[in-house]
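One structure is given here, and the rest of the page talks about it.
The values are calculated or read from the model by the stated rules, or taken from the named source; none is laboratory data. These numbers come from a predicted model, not from an experiment. Here Cβ is always computed from backbone atoms with ideal geometry, including for glycine, and neighbour counts include all displayed protein chains. Surface areas here come from the heavy atoms of the whole protein model, side chains and all, with no ligands, DNA or RNA. Shrake-Rupley method; radii C 1.70, N 1.55, O 1.52, S 1.80 Å.
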Amino acid sequence: MRYVSEYVDWQAYQAGATDSHGNEIDDWADPVTVGVYAFDPGSTSEPREPGHDRVIVEPTVYMPTGTVFGPHDRVTARGLLYEVDGYTREWHHPSGNRPGNVATLRRVDG
């Protein structure tokens, strides 16, 4: 049996939002607190492109089966805001059971 170990704030992307002039804008729903099994801080990288000084952080979050994040959603974990990178996937254990879902997050600093 898995247990929730911490909580994150999830914001679902709202397609079709517009500003006061009718222009399309990115918008997200109000945050919803979601319990997760584990937050893996993940890897970081520093692309060596001329004129860029940035760090890319890609953590992974492990969640109960019913939790699904969309590819444009946002998640605040441990006080930092991340974008969901891709789709939520089913997390299969080598024993054959499916204990939950997994999502990759992404943040670019710089």
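Give segment 1-20 a look and list any residue that's more than 17 Å from the chain's Cα centre (by Cα) and either open to solvent by less than 70 Å² (accessible area, probe 1.4 Å) or at pLDDT 95 or above (or both), or say none. Hits for segment 1-20 are Gly16, Ala17, Asp19. Evaluating Arg98 against the criteria (1) surrounded by 15 or more Cβ atoms within 10 Å (Cβ to Cβ); (2) among the charged types (D, E, K, R); (3) closer than 18 Å to Val4 by Cβ leaves one unmet condition, (1). For segment 63-90, what are the residues that are of a type outside the set (Asp, Glu), open to solvent by 60 Å² or more (accessible area, probe 1.4 Å) and within 15 Å of Asp40 (Cα to Cα)? Once the filter is applied, which keeps residues that are of a type outside the set (Asp, Glu), open to solvent by 60 Å² or more (accessible area, probe 1.4 Å) and within 15 Å of Asp40 (Cα to Cα), segment 63-90 yields Arg78, Gly79, Leu80, Leu81.
The rows are residues; the columns are (1) charged (D, E, K, R); (2) over 26 Å from Gly110 (Cα atoms); (3) part of a loop (DSSP other than H, G, I, E, B); (4) touching a Ser or Thr at 6+ places or on another chain (Cβ under 9 Å).
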| site | (1), (2), (3), (4) |
| --- | --- |
| Tyr7 | no, yes, no, yes |
| Pro47 | no, no, yes, no |
| Thr60 | no, no, no, yes |
| Gly96 | no, yes, yes, no |
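For the residues Asp53, Asp26, Asp40, Asp30, the requirement of being assigned to a strand (DSSP E or B) and of a type outside the set (A, V, I, L, M) singles out Asp40.
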